[in-house]
Structures are given as structure tokens and as C-alpha cells.
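Where a number appears in this text, it was derived from the coordinates with a stated rule and is not lab data. What you see is a predicted model, and the numbers here were worked out from it, not measured in a lab. Virtual Cβ from ideal backbone geometry, glycine too; neighbours counted across all protein chains shown.
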Amino acid sequence: MDTVAEEPQPSGEPGAQAGEWQRIQRGLLTMRRLLLVVWLGPLTVLAAALPPLLGAPGWTVVAGLPWLLLVVWGWWVLQRHYRSWRYLERADDLLIHRGVLWKQLTVVPYGRMQLVEVTSGPLERKFNLARLQLHTAAAASDAAIPGLDPREAERLRDRLTELGEARSAGL
């Protein structure tokens, strides 16, 4: 897993210097790009090849151009989205940062965690990835970290559970 020490800290994060930001695995980017190509690749080829096969003029191959541009744009957006994800374990809470246009910083106090779960679907397992989901008392809590190495996800789950039990015992 890559650490992020050379990049400036996202603004508005209290005490972010307490540790190093951790990045998610690059396999998540690879998996999402594969899904992009699997879904939009055939549409691009079909849109470009079908009109000439049906007897339309040869210039109608450009019908596939919007789909090709969508694939290229999606490729770039996925890269930016992947680079925006990072998390930081601090003494009293966990910070999760994500977003390109709409940046979001989620602060999860250890004492407020009720459940920490690790999930991994078939495609995620193929790319050796896991997702850590944090559940708190707040119904609108959206604290999740995708694209973790399964061993790191389990280590983080165990550590967060231990810290959550220790912090909630004092309530």
C-alpha cells in the first residue's frame, strides 16, 4: 500500500499530521477500468461497425466516436477518483478523504463505531481487494474504504474494533 507523505494534506483536516495518509490499492483502478471497457467497448465497436454493415455510407463510422470519447473520458475520471481516496488512523478517530469535484472528509470517532465489516465480492477477490465498511449510530453514515488489500482490511477491522470497544467502554 502506498503512503502519501509528499502530497499536501487535504485542507480542513484537524491534526492530519499525526500520521501518514494511506492510499487504496491500484487494483481497484484496474478493476474499474476493466468494467468500463467491458461495458462500453462493445457499444463503441457496434456503433462504429453496424452502420457500414447495414449499407450506410462509410463516413457513418463516426457514430462510434461519442462512445469512444466516453471511454476515454471515463478512463481519466476513474484515475482521478482513485487518486482521491485515502485514509488516516489517528489517536481518537479515523479520517477518510475522497472526491475530486466534491471533496468529502469523513471523520469516524472510534467510540461511535458499532460494527466494522470487511466484504469482498467475486470480482474484488479476483483483484485481491476488500472493502471496509464502518457502521455508526448515525443512520446516514457513509464510512467505507474500498480497494484495500484483504490483509490490511482485516488488520484495520481488528484494530478499529478493539479501539471502538475501548472508547465505548468509557461512555
> Taking all pairs of different Cα atoms in segment 60-132, averaging 1/r and flipping that mean, what Kirkwood radius in angstroms comes out?
Replying inline: 15.5
> Give me the Kirkwood hydrodynamic radius of segment 18-86 in Å, from all C-alpha pairs, to one decimal place?
Replying inline: 13.9
> Any idea what the dipole of the chain comes to, in debye rounded to 20, about its Cα centre with Lys/Arg Cβ at +1 and Asp/Glu Cβ at -1?
Replying inline: 500
>> Angle check, please: helix 150-169 long axis (alpha carbons) against the longest principal axis of the chain (alpha carbons), in degrees 0 to 90, nearest 10.
In response: 40
> In nm, to one decimal, how far is the Trp73 label point from the Ala137 one, both placed 7 Å along Cα→Cβ?
Replying inline: 4.4
> Helix 65-84 versus the longest principal axis of the chain: what angle, 0 to 90°, nearest 10, using Cα atoms?
Replying inline: 10
> Taking amide hydrogens as modeled 1.01 Å from N in the peptide plane, which residues meet the under 5 Å criterion relative to Arg86, leaving out close sequence neighbours?
Replying inline: His97
> Helix 27-53 sits at what angle to the longest principal axis of the chain, using alpha carbons and giving 0 to 90 degrees rounded to 10?
Replying inline: 20
> Tell me, Kirkwood radius of segment 20-171 from alpha-carbon pair distances, in Å?
Replying inline: 17.8
